Amino acid sequence: MSIIHVVSMSGGKDSTATAILAIEQHGREACRFVFADTGNEHAETYRYALEYLPIALGISVDVVRADFSDEFATKRANLARLAAGEPESAVYGRRKFQYAWTPAAAARALDLLHPTGNPYLDMCMLKGGFPSRKRQYCTDYLKTQPLTAYAVGVLDAGHAVWSWQGVRIDESHSRRERLQGSGACVKSFEVVGGGLFNYRPILRWTARDVFQAHELAGVRPNPLYLQGMERVGCMPCINCGKAELREIARRFPEHIERIAEWERLVSAVCRPRSPVSFFHMGTQGHADQDSTIHAVVEWSKTTRGGRQYSLLDQLDEPTACSSAYGLCE
Ligand code: SF4
C-alpha cells in the first residue's frame with residue numbers, strides 16, 4: 001500500500017510552509033494538495049493558492065467545496081409545510097425554538113431559499129444565521145468535512161493517507177492555551193485508523209520559522225500579509241479582532257459590502273426577528289440589527305473611550321480557530 005501525503009492548503013503561511021516541507025521530504029509525486037474553498041476568501045488568496053503556488057511549487061492544487069444540496073431540499077420541504085399553515089410541532093416535533101415561523105415568513109423564505117453555489121452563504125442561509133466563536137461550525141462544514149471526504153477518496157483508492165496539518169501552537173495565545181495539555185501539542189503524529197494518519201510537522205515552529213521556510217524555498221508569502229493582515233483565510237473571519245476588522249474595512253470595503261448583502265439575504269430566509277449578523281452579540285436578541293457588519297465596522301474605528309458596543313468587547317482580542325487541525329489561520 002503506497003502512502004499519499006495530503007496537504008491542506010489555505011493560502012496562509014503555515015499551510016504553505018507545510019507544503020514546502022512535504023515536498024522536501026517526500027517529493028511531489030507522493031503528495032496531493034487540496035484547498036477547501038469557503039466562498040469567503042479574498043481574491044488575492046484564490047490567486048495565491050490556486051495560481052501562484054502551483055507554479056512556484058510545481059504542483060497542482062485540488063479544490064473541494066461543501067455541497068448543501070440535500071439540506072436545501074429538506075429545508076425547502078419544511079418551509080413549504082410551514083407556509084401551508086402546518087404548525088411547527090408537526091414539522092419539527094417537540095424541539096423548542098426561541099423565534100417562531102409565521103406562514104407568511106415561511107412563504108417568503110421558500111421563495112428566496114435556493115443554493116447560491118457559495119458554500120459560506122449557503123451554510124448561513126440554511127442555518128438561519130452566522131457561525132460564532134461559541135458555535136464555530138464553519139470550520140467543520142466548510143473545511144473539515146470536504147477535506148475528510150477528499151482523504152477518504154484517496155483511502156478508497158487503496159492508499160494510506162498522511163494528512164499534513166499546518167497547525168502551530170505558537171500561532172496565538174488562545175490557541176496555545178487550548179492546545180497545551182490537550183494532547184495535540186504532544187501528538188505531532190497520530191494514528192487515526194483505517195490507513196489514515198495525522199501529521200503536524202510545524203507544531204513547535206514560530207512564525208519566523210515559517211517565513212524562513214518560504215524564503216529558503218524561494219516562495220513568497222501571500223501578499224495579504226504585506227497589507228496589514230495578521231492572517232489570511234475568510235475575509236473577514238468571525239474570529240477577527242477589532243484592529244484587523246478596521247484594516248479590512250479600510251483596504252477592502254467590497255468585502256464589508258458583500259457581508260452586508262449576506263446579512264440581508266440570511267435575514268430574509270430566517271425566522272422573523274431572530275438575530276442575524278456576521279458578528280454575534282452573544283445570546284442577546286437584537287431584532288433591530290444593531291450589530292450589522294456596518295455598525296461593527298463603525299465600532300472598530302472607535303478608540304477606548306469612544307462609543308463602545310460593550311457586548312462586542314470580546315472582539316478586542318483576535319483569536320485563532322479552535323480547530324486542532326490548523327484549517328483556519
Ligand atoms: S477562517 Fe474563520 S470564518 Fe472562515 S471557516 Fe475558519 S473560523 Fe470560520
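What whole-number value in cubic angstrom gives the convex hull volume per residue for the C-alpha atoms of the range 70-114? Here the figure is 70 Å³ per residue. The trypsin sites (Lys or Arg not before Pro) of the range 80-119 that meet both conditions, a loop assignment by DSSP and at most 14 other Cβ atoms within 10 Å of the site Cβ, are ARG94, ARG95, LYS96. In the range 70-114, Cα pairs under 8 Å separated by at least six residues give a relative contact order of 50 percent.
Step through the table entries LYS75/LYS242; LYS13/LYS143; LYS96/LYS127; LYS127/LYS187, compare each Cα-Cα distance with 27 Å, and write down the pairs that go over it. Over 27 Å Cα-Cα: LYS75/LYS242; LYS127/LYS187. Computed 3J(HN,Hα) for the range 189-204, one whole-Hz value per residue from the Karplus formula 6.51 cos²θ - 1.76 cosθ + 1.60 where θ = phi - 60°, is 10, 9, 8, 8, x, x, x, 9, 10, 9, 10, 10, x, 10, 3, 9, glycine and proline marked x. Neighbours of ALA107 by Cβ distance under 15 Å: Lys/Arg scored +1, Asp/Glu scored -1, total +2.
The numbers here are math on the coordinates, done by the rules we state, and not lab data. Since the model is a prediction, treat every value here as computed from it, not as a measurement. Because the Cβ atoms are built from the backbone with ideal geometry, glycine has one as well, and the counts that use them run over all protein chains shown.
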